[in-house]
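Structure first, commentary second.
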């Protein structure tokens, strides 16, 4: 790089550490949730796992919109156009709140039919828990969307410490709420859902409060005036819609796989829930590096520093793979102790330990970091089609198709599902590395 670096190693560390910690906090809160609910039985744990697969379908949509707004805002910051950056912040809040309110209203009318359609063969006790959990978590959709948009805007300004503080406060409340409602009032899955929803209310309120601080380079102004800027909204939705379609169809594939797993029985469903949750600690932590790239590459592209964008993408992706080796090596070594946190039968624990080890090996040998991290650099440059097409093709060919072939037709059960996931990640790694080297994503213009 011949120009002055836009981000020193110290600046990258200051940006990345809070984002990684925030991701770790989120997944650890989920781990604690599952561990607490496990005291209510395997039916409650299985229900939460199945419903969360549906919830994530829509949560990814909200996150996609937030990422679209963050990319546009970061590029305006990089180009020193703070007026347009402030406008994009308002437009993001309008998009996030509007979409989430409509989805919540529609889905509340069809809670039971949706569960019957997606999981027709689940046991009655699992269905009852799933119905209650789905209803209460739906009420938190608008607050999640707004809170997620607020923290995305803070990260676009490199204010990741503030985003971490908000997330930490919200997760602490969620854990305390779980303890009170699950252990104190014996509400099981309902208690976990209510606590999660209330914590999201606090998350959104805190995010809006801090973003009204005029000391921030980009802050919210006249939000209630509802003045739309269709040009900026179009740019946000250009990124967000493609990301949303990709994430939404990705989650559809996961739901199809979850439906297959549900047919394997309660033990298999619980074992998958535990092994997937434990591995998610590593996946989400590594994925946080991709979130860092939204800010770094977004600002680089806004400033016209394409070579710096390429340099930071390569540097952070290989750093993420180093994290994969450390994190998943630790998970492999302590898999028995991690599974021991859950109150299951010995049969379910034994299966969970085995499939946690399988998940670790699949992650490491798929070069997982290259599967997902550089994609955020492509998005931050304004590219929308490549990652969407790759994700859809790879997902339905390998993660869904191969899972059904190996898991159901060849009767490998959960092992077939994990092999399908490995093939999906390996495919993405190969194509992402090729696309990165070609460099066409650096020629995109968003603003």
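I need to check one value: relative contact order of the chain, counting alpha carbon pairs closer than 8 Å and at least 6 residues apart, in percent. Computed value for the chain: 23 percent relative contact order.
Using a simple spin-label model with pseudo-atoms 7 Å out from Cα toward Cβ, residue 212 and residue 229 lie 2.1 nm apart.
With the convex hull drawn over the C-alpha atoms of region 9-443, the volume per residue is 125 Å³. In plain terms, the residue of 157, 6 with the fewest other Cβ atoms within 10 Å comes first and the most crowded comes last, giving 6, 157.
Just check region 356-420 against the gyration tensor rule for me: Cα atoms, a ≥ b ≥ c as the square roots of the eigenvalues, rounded for a/c under 1.5, and otherwise prolate or oblate depending on whether a/b exceeds b/c. Don't skip to the end; give the middle numbers.
Working: a/c = 4.96, a/b = 1.75, b/c = 2.83.
Here region 356-420 falls in the oblate category.
Taking 296, 37, 245 in turn, the Gaussian network model of the chain (Cα-Cα springs below 10 Å) assigns the largest fluctuation to 245.
Mind jotting down a quarter of the surface of the convex hull over the alpha carbons of region 104-217, in square nanometres, one decimal? Kindly include the intermediate steps, with their values, before the conclusion.
Details: hull surface 33.3 nm².
If you wrap the Cα atoms of region 104-217 in a convex hull and average its projections, you get 8.3 nm².
Between 0 and 90 degrees, the angle of helix 346-364 with respect to the longest Cα principal axis of the chain falls at about 30 degrees.
Principal axis extents of the Cα atoms in region 85-153, from largest to smallest and rounded to whole angstrom, are 50, 19, 15. Ordering 339, 255 from the fewest to the most neighbouring beta carbons within 10 Å gives 255, 339. Measure nothing fancy, just the Cα-based angle from helix 42-78's long axis to the longest principal axis of the chain, in degrees from 0 to 90, nearest 10. Computed tilt is about 0 degrees.
For the residues 323, 301, what sequence is obtained by ranking on other C-beta atoms within 10 Å, fewest first?
323, 301
When averaged across all projection directions, what area in nm² does the alpha-carbon convex hull of region 42-175 cover? Don't skip to the end; give the middle numbers.
Values: hull surface 34.9 nm².
Approximately 8.7 nm², given one-decimal rounding.
Relative to the longest principal axis of the Cα atoms of the chain, the long axis of helix 82-108 lies at roughly 20 degrees.
Here the Gaussian network model covers the chain, with springs between Cα atoms less than 10 Å apart; of 215, 186, 33, 215 fluctuates the most.
Among 305, 22, 221, the largest mean-square fluctuation in a Gaussian network model of the chain (Cα springs under 10 Å) belongs to 221.
Any read-out appearing in this document is the output of simple, stated calculations on the displayed coordinates, not a laboratory observation. Just so it is clear, the model here is predicted, and its values are computed rather than measured. Virtual Cβ from ideal backbone geometry, glycine too; neighbours counted across all protein chains shown.
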